[in-house]
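Trainee: Can you read through this structure? Questions will come right after.
What follows draws every value from the coordinates through simple rules; no lab data is involved. Not measured: the values here are computed from a predicted model. A quick note on method: Cβ atoms are made from the backbone with ideal geometry, for glycine too, and the neighbour counts reach across all protein chains shown.
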Amino acid sequence: MISIIEIFHSLQGETTKAGFPTVFIRMAGCNLRCVYCDTQYAWEEGIQMAIDEIVKTVESFHCKLVEITGGEPLEQPELPDLCEKLLSKGFSILLETNGTLDISKIPQKVVKAIDIKCPGSNESGKFLYDNLKHLSPKDELKFVISSKEDFIWAISEIEKHDLLSICTINISPVAGVLNNAEVARWIIDSGKNLRLNLQLHKIIEIK
Ligand code: SF4
């Protein structure tokens, strides 16, 4: 059984998949407490659902892109089995994770979008660097930044671990905290091929 908060159909708001219709499976529980967390309701207990029940609900939306998110989905022991089942049914999967738990059991075909928590989150320093060896160019990394200091820290991590040689790197300003145009300028001036990741679901409210 998997602890689920909600399953819903909307537009993807982040990563290079932003803008595409997506079915979201939000799992319950998180091992972190980021200061800017906008899904604190996912820290609560969810509803226990069997894999077949989850797949049936996902199928009812007739949408082939599925995002598994949280909370922290890797806290659910049956997550790799759910991924296998969805892949076998022809779904594309995007897995959002905070990067602090082992991803080695997640099938390779799943696109991983992994956060590296900056100091401004208050949860920095817990990233599992071993996870990097399971990534390929189709996967994505994300730094959520709350300040210029976070951006400078992200640049030093990117250089130290040669992250641009692995996959796309998203720089995601915390909504309402930073000036997006200013962040765009920081990216341009860094001379690095980073992607400005604005949260589409914070820009438009989908009815
Ligand atoms: S990892 Fe994500 S869900 Fe967990 S506290 Fe941080 S922002 Fe919230």
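Trainee: Name every residue in the stretch 92-104 that is more than 11 Å from the ligand (Cβ to nearest atom) and out of contact with any Cys (no Cβ under 9 Å at 6 or more places or on another chain), in order of residue number.
Mentor: Hits for the stretch 92-104 are 92, 94, 102, 103, 104.
Trainee: I've got another one for you. Can you say whether residue 16 is within 16 Å of the ligand (Cβ to nearest atom), under 24 Å from residue 164 (Cα atoms), surrounded by fewer than 22 Cβ atoms within 10 Å (Cβ to Cβ) and not charged (D, E, K, R), as far as the supplied structure shows?
Mentor: No: the conditions fail for residue 16.
Trainee: To continue, here is another question. Restricting attention to the stretch 64-78, which residues are surrounded by fewer than 23 Cβ atoms within 10 Å (Cβ to Cβ) and away from the ligand (no atom under 11 Å from the Cβ)?
Mentor: Listed by number, the residues that qualify are 64, 65, 76, 77, 78.
Trainee: Just name the residue that is farthest from the ligand (Cβ to nearest atom) out of those in the stretch 21-42 that are surrounded by fewer than 17 Cβ atoms within 10 Å (Cβ to Cβ) and either more than 16 Å from the chain's Cα centre (by Cα) or under 11 Å from residue 67 (Cα atoms) (or both).
Mentor: It comes out as 21.
Conditions (1) of a type in the set (Asp, Glu); (2) in contact with a Lys or Arg (Cβ under 7 Å, 6 or more places away or on another chain); (3) part of a helix (DSSP H, G or I); (4) in contact (Cβ under 8 Å) with a residue 40 or more places away in the chain, marked per residue:
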{"site": "136", "(1), (2), (3), (4)": "no, no, no, no"}
{"site": "149", "(1), (2), (3), (4)": "yes, no, yes, no"}
{"site": "153", "(1), (2), (3), (4)": "no, no, yes, no"}
{"site": "159", "(1), (2), (3), (4)": "yes, no, yes, no"}
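Trainee: Go through the stretch 43-63 and report how many residues are more than 16 Å from the ligand (Cβ to nearest atom) and within 18 Å of residue 79 (Cα to Cα).
Mentor: 13
Trainee: When you scan the stretch 170-190, do you find a residue that is in a loop (DSSP other than H, G, I, E, B) and hydroxyl-bearing (Ser, Thr, Tyr), even just one?
Mentor: No: the stretch 170-190 contains no residue that is in a loop (DSSP other than H, G, I, E, B) and hydroxyl-bearing (Ser, Thr, Tyr).
Trainee: Out of the stretch 107-122, which residues are assigned to a loop (DSSP other than H, G, I, E, B) and either out of contact with any strand residue (DSSP E or B) (no Cβ under 9 Å at 6 or more places or on another chain) or surrounded by 21 or more Cβ atoms within 10 Å (Cβ to Cβ) (or both)?
Mentor: 108, 110, 116, 117, 118, 122
Trainee: If you don't mind, another one. Might you let me know whether the stretch 19-42 holds any residue that is out of contact with any strand residue (DSSP E or B) (no Cβ under 6 Å at 6 or more places or on another chain), assigned to a helix (DSSP H, G or I) and more than 15 Å from residue 76 (Cβ to Cβ)?
Mentor: yes
Trainee: Within the stretch 139-153, restricting attention to residues that are among the aliphatic types (A, V, I, L, M) and within 16 Å of the ligand (Cβ to nearest atom), which residue is farthest from the chain's Cα centre (by Cα)?
Mentor: Filtering the stretch 139-153 for residues that are among the aliphatic types (A, V, I, L, M) and within 16 Å of the ligand (Cβ to nearest atom), the one farthest from the chain's Cα centre (by Cα) comes out as 145.
Trainee: Filter the stretch 107-138 down to residues that are among the hydrophobic types (A, V, I, L, M, F, W, C) and more than 12 Å from the ligand (Cβ to nearest atom), then give me how many there are.
Mentor: The qualifying residues number 5.
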